[in-house]
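The values are calculated or read from the model by the stated rules, or taken from the named source; none is laboratory data. Given the structure is predicted, the values throughout are model-derived calculations rather than measurements. Heads up, the Cβs are rebuilt from the backbone with ideal geometry, glycines too, and the neighbour counts pull from every protein chain shown. Just so you know, the surface numbers come from the protein's heavy atoms only, side chains and all, with ligands and any DNA or RNA stripped out. Shrake-Rupley method; radii C 1.70, N 1.55, O 1.52, S 1.80 Å.
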Amino acid sequence: MRIGLVVLALLAAFSAVPVALAGAGPDPAADIKAFQGHFRTELPAIPLAAYVNGPYNFPGSGRAQWKQITEFPPYSFAIDSGKVLFETKFPNGKTYTSCFSEGGIGIAGNYPMFDPKTGRVVTLGVAINRCRVANGLKKWPLTKGKMADLVAYMTVTSRGRPIDVVVPNDPRALAAYEAGKEYFYSRRGQLNFSCASCHVQAAGKRLRGNVLAPALGITASFPLYRSKWGSIGTLVRRFIGCNKKVGSVPDKPDSAAYRDLAYFLTAMSNGLPIAGPGSRP
Amino acid sequence: MAHQILIRAKVAAGSTTVEALVQHPMDSGFIKDKSGKLIPPHYIEVIEFTHNGRIVLTGFWGPAVSKNPFIKFSFKGGKSGDAIGVSWVDNHGETASATARIA
Amino acid sequence: MAERNASSPSGPRRRQLLAAAGPGAAALLAPGAARAGAAVGANASNYPSKVFRQKTEAAALKLMFGKMPEASAAAKLTAPRIAENGAVVPVIVDATLPGVTTVAIIAKENPFAMACAYRLPPGTSPAISSQVKLAKTTDVVAVFESGGKLFSATKNVKVTLGGCG
C-alpha cells in the first residue's frame, strides 16, 4: 500500500498546490511503473498478466462459477453480431475496415488514442461513431447494444495482444491524461469514494457479495457481459454504474471526463494482454 | 428478437458431448421493467436434441432457467460428421432450430 | 469456436440470408423453424405445465412422479456454495445409477419449485450442466429416476446481494 499512498500523497500535493507543478509536468511512464509496482508489491502472488481476470485472482470470488459460465461464454452472441456488423457494407460500399489501421483487426489495445487533429482522446467506441458519421450513418449510443457488440468483435480479434496506450508529448494529450488521473483519485458522491478507494485501496477485498477487481488490468476484459445486465456493455457503461453506486451524478457517455478517465486507466495496464470480452456477475 | 442457437459437439472415447447456447430472454414473469411493470413470462418450455434424427435429450424448462440458456450433456455413440439437431418451443409458441456436425 | 447456427452451413450463406431477410435473425431461421415446429411438436404436448406451477418441492414431485425421492450417495449435484449472481447459477448433476430416465432440478425457495427436468433415452448420460435462477438462498435438489425409484442429492446455495451495483 505504501507506493499507492505515495501516489495519493503526490496527487494531493498536486491538486492542493498547483503552482508547485510548474516544471514538474505529468510523467505517464513513471506513473505506470509506480501503479503496476504498487500491485506487484501488495499482491505479489498474482502474475502480472493474470490481473486481467480481475476478481477471480482472489479466494471466494466464484472462480469456479466463472469458469463454468465461460465454458460457452454468454458474450458469444455479441461477438457473432459484432462480426456481422463489422463486415456489413455501409451504403457507400465501404466498411469499418476503412477507418482503422490494420483494417480494424487486432487494434483494440491501442485505444483510447489521442487524436492530434482534434486534441481529444478517442475511445474505440468514439472511433466507431466517427467512422459511422464519416460514412453518412448515425452515431450509436456508446454503452451497449450494437456498439458493445462491435467493440466485442474488434476486441476479440485483439485478444492476447498487449495494451499499448500512447500518451504523446503533446500538452493536450498530457492534459487529458492528467485530467483522467485526477478523476480516478478524486472522491465523489454521497459515499465520498474515488475510483481508487475501491479498486486500489480495497482491491481484492469484499463489497458484500462481490470481490473488488484491482484497477490494474481492469479495462482488459471489457466489454463485459454482466449477469446483472443480462447483456454486454462497454467500459463507459460501467463508469456510469460505478458513479451511480457511490451516489454521484454520472457524466455523459461521450464526455471528456470519461474519455480522459479511460485514457489514464487503460494506460496504467500497458503491457497486459487484452482479454475481452469478459464475463462478470 | 433474434433466436440464435450455437452448438458444439465433439466425440471422444465413444461418447459425444454436446454444448449449446440458446438465445432467449427466459423472462420469469417476476421481474419488473424500468417503469415498474412486470415483464410477462416468456421462456422456452421444451428443448429437444437429436443425433441423426434420433432424440437424445428432451428438456422441460420452466421460468427458472437462466437467460440465454447453456446446456451440456453427452450420449453414447456418434461419429465425426453426424448431425446434431436442436429445436425448441416457448410459451408463446415461438420456435427455432439449428443443426451442427459432430467435430 | 462455436459452430454457427442453423441449417446454413457457412458464414457467407448466413450473411446472404441476413441481407435478404433484413435485420433480426428470426427470418433467417424460418426454414429451420418450420422443421423445429414439427420436431418439438410431439414433445411440446408432453410439457408438464402444471408441475412448473407448483410452489413446493413435494407438490411438484408428486405431480411429476407420484412419489418422493430418497437421498442417495449415487446422486450427485455440483453447485456453488455462494452464488456470484442468483440469475446465473451453474448446476451440474450426475449419478452413478443405472438407466436413469428422468432428471429434475428443484430450487425449494423459488416461487415455483421445479426449475427444469430432462428425459433421457437409453445411451444418454445423466451428467447434465445447465444454469438456473435462484430467487434467494435455497436448497437445490437434483432428482434422478432409475428403475422406477427416485434418488436425490441436495445442496444449499447462498444468494447474497452484490455490492458493485
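Kindly indicate whether residue B:11 is touching a residue at least 40 places away in the same chain (Cβ under 8 Å), crowded, with 23+ Cβ neighbours inside 10 Å, over 25 Å from residue C:86 (Cα atoms) and among the β-branched types (Val, Ile, Thr). Criteria not met by residue B:11. Scanning segment A:202-216 turns up one or more residues that are of a type in the set (A, V, I, L, M, F, W, C), surrounded by fewer than 18 Cβ atoms within 10 Å (Cβ to Cβ) and either in the same structural domain as residue A:49 (by TED's automatic domain parsing) or under 12 Å from the mean Cα position of the chain (by Cα) (or both).
With respect to being at pLDDT 95 or above, open to solvent by less than 60 Å² (accessible area, probe 1.4 Å) and under 30 Å from residue B:18 (Cβ atoms), residue A:79 fits the description.
Among the residues of segment C:92-114, those that are open to solvent by 30 Å² or more (accessible area, probe 1.4 Å), touching a strand residue (DSSP E or B) at 6+ places or on another chain (Cβ under 8 Å) and closer than 19 Å to residue C:53 by Cα comprise C:108, C:109.
When you look at residue B:55, is it among the β-branched types (Val, Ile, Thr) and without any contact (Cβ under 8 Å) to a residue 40 or more places away in the chain, yes or no? In short, yes.
The strands (runs of 3 or more DSSP E) located wholly in chain B that include 1 or more residues which are touching a strand residue (DSSP E or B) at 6+ places or on another chain (Cβ under 6 Å) and more than 7 Å from chain C (Cβ to nearest Cβ) occupy B:5-12, B:15-22, B:44-51, B:83-90.
In segment C:108-165, counting only strands (runs of 3 or more DSSP E) that sit wholly within it, the ones holding 2 or more residues that are under 23 Å from residue B:72 (Cα atoms) and within 7 Å of another protein chain (Cβ to nearest Cβ) span C:114-119, C:128-132.
List pairs: first residue in segment A:101-121 and within 20 Å of residue A:222 (Cβ to Cβ), second residue basic (Lys, Arg) anywhere in the structure, Cβ distance under 6 angstrom, at least six positions apart or on different chains. Note: pairs meeting the criteria are A:106/A:161; A:109/A:161; A:121/A:259.
Counting the residues of segment A:243-275 that are buried (at least 19 other Cβ atoms within 10 Å of the Cβ) and either assigned to a helix (DSSP H, G or I) or touching a Cys at 6+ places or on another chain (Cβ under 7 Å) (or both) gives 11.
Per-residue answers, yes or no, for (1) hydroxyl-bearing (Ser, Thr, Tyr); (2) part of a helix (DSSP H, G or I); (3) more than 15 Å from the chain's Cα centre (by Cα):
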residue	(1), (2), (3)
A:149	no, yes, yes
A:152	no, yes, no
A:158	yes, no, no
A:166	no, no, no
A:169	no, no, yes
A:172	no, yes, yes
A:177	yes, yes, no
A:180	no, yes, no
A:183	yes, yes, no
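Before we move on, is residue B:67 closer than 20 Å to residue C:133 by Cβ, open to solvent by 20 Å² or more (accessible area, probe 1.4 Å), among the charged types (D, E, K, R) and modelled with pLDDT of 95 or more? Spelling it out, residue B:67 is indeed closer than 20 Å to residue C:133 by Cβ, open to solvent by 20 Å² or more (accessible area, probe 1.4 Å), among the charged types (D, E, K, R) and modelled with pLDDT of 95 or more.
Of the helices (runs of 4 or more DSSP H) lying entirely inside segment A:22-90, those containing at least 1 residues that are away from chain C (no Cβ under 14 Å) and among the β-branched types (Val, Ile, Thr) span A:28-42.
Can you tell me which residue among A:140, A:66 is at negative phi, surrounded by 18 or more Cβ atoms within 10 Å (Cβ to Cβ) and not assigned by TED's automatic domain parsing to the domain that holds residue A:266? A:140 is the lone residue from the list that is at negative phi, surrounded by 18 or more Cβ atoms within 10 Å (Cβ to Cβ) and not assigned by TED's automatic domain parsing to the domain that holds residue A:266. Among the residues of segment C:84-107, those identified as assigned to a loop (DSSP other than H, G, I, E, B) and away from chain A (no Cβ under 14 Å) are C:96, C:97, C:98, C:99.
Residues that are among the charged types (D, E, K, R) and in contact with a strand residue (DSSP E or B) (Cβ under 9 Å, 6 or more places away or on another chain) within segment A:68-100 comprise A:71, A:80, listed in sequence order.
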